[in-house]
Amino acid sequence: MEVDAKKATIKGEEAWDLVKEADKIHIASGKKILLFTPDTENKQAIMTKMLGRTGNLRAPAIRKGNTFFIGFNEQMYNTVLFS
C-alpha cells in the first residue's frame, strides 16, 4: 500500500501507534542511521527522530515486513532496505 504523505499526514501519537509493534525501526539522521527497538522507555527518543519540525512522520517512511525505514539516507536504502 502506498500513501501520499502530502495528502495524508501522520502526526505524533498516530505515528507512534504505527511503529510501536515493529521489530526494528531504522531512522535516517543526517549521515547516520539510527536503529531502535520500540518500547515505552525509548518512545520519546524515537518520536524526536521520526517526526519532522511540523510534528508529522518524516518521509519517506517504508515498512518492510515488521521493520520500518524512516527518512532518507542513500546508504540505508542500499545496504539495509535492499539487501
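No value in this document is a laboratory result; all are computed from the given coordinates. Computed from a prediction, not measured in an experiment: that's the story for all the values here. When we count neighbours, we look across all protein chains shown, and the Cβ atoms used for this are built from the backbone with ideal geometry, even at glycine.
The average projected area of the chain, computed from the convex hull of its Cα atoms over all directions, is 5.3 nm².
Ordering 51-61, 68-78 by mean Cβ neighbour count within 10 Å, with the highest value first, yields 68-78, 51-61. The convex hull of the Cα atoms of segment 13-55, projected and averaged over all directions, covers 3.0 nm². Among the lysines, select those whose C-alpha is under 20 Å from the C-alpha of Lys20, and discard any that sit fewer than 8 residues away in the same chain. Candidates past the 8-residue exclusion: Lys11, Lys43, Lys49, Lys64.
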